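Data block below; observations after.
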Amino acid sequence: MLEALTLPFFQRVLLAGLLASVACGVIGTYVVAKRIASLSGGLSHAAFGGVGLGYLAGFPPMLGAAGFGLLAALVVGIAQRRLGSGIDTLVSMVWSVGMALGIVFVALAPGYAPDLMSYLFGSLLFVPWDYVIAIGVLDLLILVAVLRFHRVFEAVCFDDEFAEVAGLPAEGFFLGLLALTALAIVTLIRVVGVILAIALLTIPAATARPWVESLRAMMLLSVALCAVSTVGGLLLAYGLSQSIGLSAPPGPLIILLAAFFYVLSEAARAATRRRPVAVTPAAS
């Protein structure tokens, strides 16, 4: 499988996956710390509406996904601050309406119907260079925002009421965090697809959380886990294709590897908790 690393197309695909891992690990840390996985799931599925609109109106589908994702982040974020306990219903509506709009827009688009499977479950093996560049730009935007406002984001994640009392614009930064989450999801659509994006955004961060003591360390470990899962999924898909002729999409394999690492992590924690403590005999 390692000979794949010498292939130009595989190098491009690998770079795209590694760049997406940066956005995934950094933003996924905030998503897990803030416990907004369900909100993020709504954003990922709402973005599919923008994909369909792009096909219908004739502009790049990923641009439409970004627009729909940001709009959904604004709507859901404001509603979460205003409604509180009633947010689950709205998230479910955004989730389903986004998917429904995407399918309707694609059906209304002229010409042949596009292959929606590549957007639902990813098409990492076919990403062009311009998409790789776009991921790099989004990574830069996310990293600049995090480096500049990490302290505020951290306060909003752990105690937004205290952040408001301290005079910080908690609502504005919460909406900004959701906007960054929507952009991170856009980078993952071609990697694992709309349906699986929320899994890659949360599983590595959830795996990293018990082993670190700070959000910064959690980000670094989460990025590493995302990268290992992505590279492993790509190599596994290539190996299956070359050895037995099975054309397995890398997106689901990436998620399965990430889930495997989570299970290993939990098993290691359980074994550590059950390890007997050595008792030394008391001196007589």
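The values are calculated or read from the model by the stated rules, or taken from the named source; none is laboratory data. No experiment lies behind these values; they were computed from the predicted model shown. As a convention, Cβ positions derive from the backbone with ideal geometry for all residues, glycine included, and neighbour counts pool all protein chains shown.
Observations, loosely collected:
- Only one entry in Ala155, Ala166, Ala170 is over 14 Å from Ala16 (Cβ atoms) and in contact with an Asp or Glu (Cβ under 6 Å, 6 or more places away or on another chain), namely Ala170.
- Residue among Asp139, Asp159 that is of a type in the set (D, E, K, R) and within 13 Å of the chain's Cα centre (by Cα): Asp139
- Condition met for Gly54 (out of contact with any Phe, Trp or Tyr (no Cβ under 6 Å at 6 or more places or on another chain), modelled with pLDDT under 90 and in a helix (DSSP H, G or I)): yes
- Test: residue in segment 42-50 that is surrounded by fewer than 24 Cβ atoms within 10 Å (Cβ to Cβ), in contact (Cβ under 8 Å) with a residue 60 or more places away in the chain and either small (Gly, Ala, Ser) or in a helix (DSSP H, G or I) (or both): no
- Hits in segment 193-224 - residues which are in contact (Cβ under 8 Å) with a residue 24 or more places away in the chain and either out of contact with any helix residue (DSSP H, G or I) (no Cβ under 7 Å at 6 or more places or on another chain) or of a type in the set (Ser, Thr, Tyr) (or both): Thr202, Thr207, Arg216, Leu220, Ser222, Ala224
- Any chance Leu39 is out of contact with any strand residue (DSSP E or B) (no Cβ under 7 Å at 6 or more places or on another chain), assigned to a helix (DSSP H, G or I) and either modelled with pLDDT under 85 or hydroxyl-bearing (Ser, Thr, Tyr) (or both): yes
- Inter-residue pairs, beta-carbon under 7 Å, first free of Cβ contacts under 8 Å to residues at least 60 places away in the same chain and under 10 Å from Leu201 (Cβ atoms) and in segment 24-36, second among the polar types (S, T, N, Q) and not in a helix (DSSP H, G or I), 6+ apart: none
- Within segment 105-121, tally of residues that are under 20 Å from Leu70 (Cα atoms) and of a type outside the set (Ser, Thr, Tyr): 2
- Cross-chain or 6+ apart pairs with Cβ under 7 Å, segment 114-140 first and buried (at least 21 other Cβ atoms within 10 Å of the Cβ), then in a helix (DSSP H, G or I) and of a type in the set (Asp, Glu): none
- Among the candidates Phe153, Phe162, residue that is loosely packed, with under 13 Cβ neighbours inside 10 Å, in a helix (DSSP H, G or I), aromatic (Phe, Trp, Tyr) and touching a helix residue (DSSP H, G or I) at 6+ places or on another chain (Cβ under 8 Å): Phe162
- Unique match (being out of contact with any strand residue (DSSP E or B) (no Cβ under 8 Å at 6 or more places or on another chain), assigned to a helix (DSSP H, G or I), at positive phi and of a type outside the set (Ser, Thr, Tyr)) among Gly176, Gly193, Gly167, Gly172: Gly193
- Within segment 122-136, the residues that satisfy the criterion of being within 19 Å of the chain's Cα centre (by Cα), within 21 Å of Gly67 (Cα to Cα) and of a type outside the set (Val, Ile, Thr) are Gly122, Ser123, Tyr131, Ala134, Gly136.
- Given (1) in contact with a Phe, Trp or Tyr (Cβ under 9 Å, 6 or more places away or on another chain); (2) crowded, with 19+ Cβ neighbours inside 10 Å, index of the condition Arg12 fails: (2)
- Ile198 closer than 14 Å to Met62 by Cβ and assigned to a helix (DSSP H, G or I): no
- The residues of segment 225-250 that are assigned to a helix (DSSP H, G or I), touching a residue at least 12 places away in the same chain (Cβ under 8 Å), over 15 Å from Pro204 (Cβ atoms) and not aliphatic (A, V, I, L, M), listed by number, are Tyr238, Gly239, Gln242, Pro250.
- The residues of segment 165-199 that are over 19 Å from Ala37 (Cβ atoms) and crowded, with 24+ Cβ neighbours inside 10 Å amount to a single one, Arg190.
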